[in-house]
1. Given charges of +1 on the Cβ of Lys and Arg and -1 on the Cβ of Asp and Glu, with all other atoms neutral, how large is the dipole of the range 3-107 about its Cα centre, in debye to the nearest 20?
2. What value in Å³ per residue do you get for the convex hull of the alpha-carbon atoms in the range 64-135?
3. Working out 0.36 nm times the residue gap between VAL23 and TRP11, then minus their Cα-Cα distance, what length gain in nm do you get to one decimal?
4. I need the trypsin sites (Lys or Arg not before Pro) found in the range 40-135, filtered to DSSP loop residues with at most 13 other beta carbons within 10 Å of theirs.
5. Tell me whether the chain comes out rounded, prolate or oblate; compute the Cα gyration tensor, take square roots of the eigenvalues as a ≥ b ≥ c, and use a/c under 1.5 as the rounded threshold.
6. Return the distance in nm (one decimal) between the two label points of a simple spin-label model at GLU68 and LYS95, each offset 7 Å from Cα along Cα→Cβ.
7. Under a GNM of the chain (C-alpha, springs under 10 Å), which listed residue has the highest mean-square fluctuation: THR52, THR124, THR115?
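Read-outs throughout are calculated quantities, based only on the coordinates presented, and are distinct from any laboratory measurement. In this text the structure is predicted, and so the values were computed from the model without any measurement. Here the Cβ positions follow ideal geometry from the backbone for every residue, glycine too, while neighbour counts run over all protein chains shown.
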Amino acid sequence: KDFISPIADGWKDYYEVDLEDSVRIDTHFCYKINVKPKRRGDLAFKGTIWITKQESALKRVDLQVGKEANINFVERFKIQQELLPTGSGPWYVSKFRMLIDMAEVSDSSAGILATYYISNKNITLGKVHPPSFYT
């Protein structure tokens, strides 16, 4: 199923937003924005995003989808990301966490709690690799 991001074009049709606070994260002054679906059952996230003031870049994400989104057997789906700037402009995901809580499919089966974590460090930009690197 496709979810609409709270920073995508057309977000106004799916989200209610509330500027909660302005905070400093690392060296970046950020706006802390709470988002929630406009309608119960929409495939939209609820949670918080942080947008930098100077670059208007996404700095941090803490979003989740609950049972009300009506995805078969999914009790909860949560995403957390933290982004850092590169020297060339685009920001990259330095930390990524995902959690999926699946309900029991039947009375005789167990539910599943799956977690996933990625940490990116020491990013090198502009390094050209030989074609054999990609095979």
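1. Roughly 220 debye, rounded to the nearest 20.
2. 149
3. So the extension gain works out to 2.0 nm.
4. Qualifying residues, ordered by number: ARG40, LYS53, LYS121, LYS127.
5. Note, shape of the chain comes out oblate.
6. About 2.8 nm separates the two model spin labels.
7. Taking springs between Cα atoms under 10 Å, the residue moving most is THR124.
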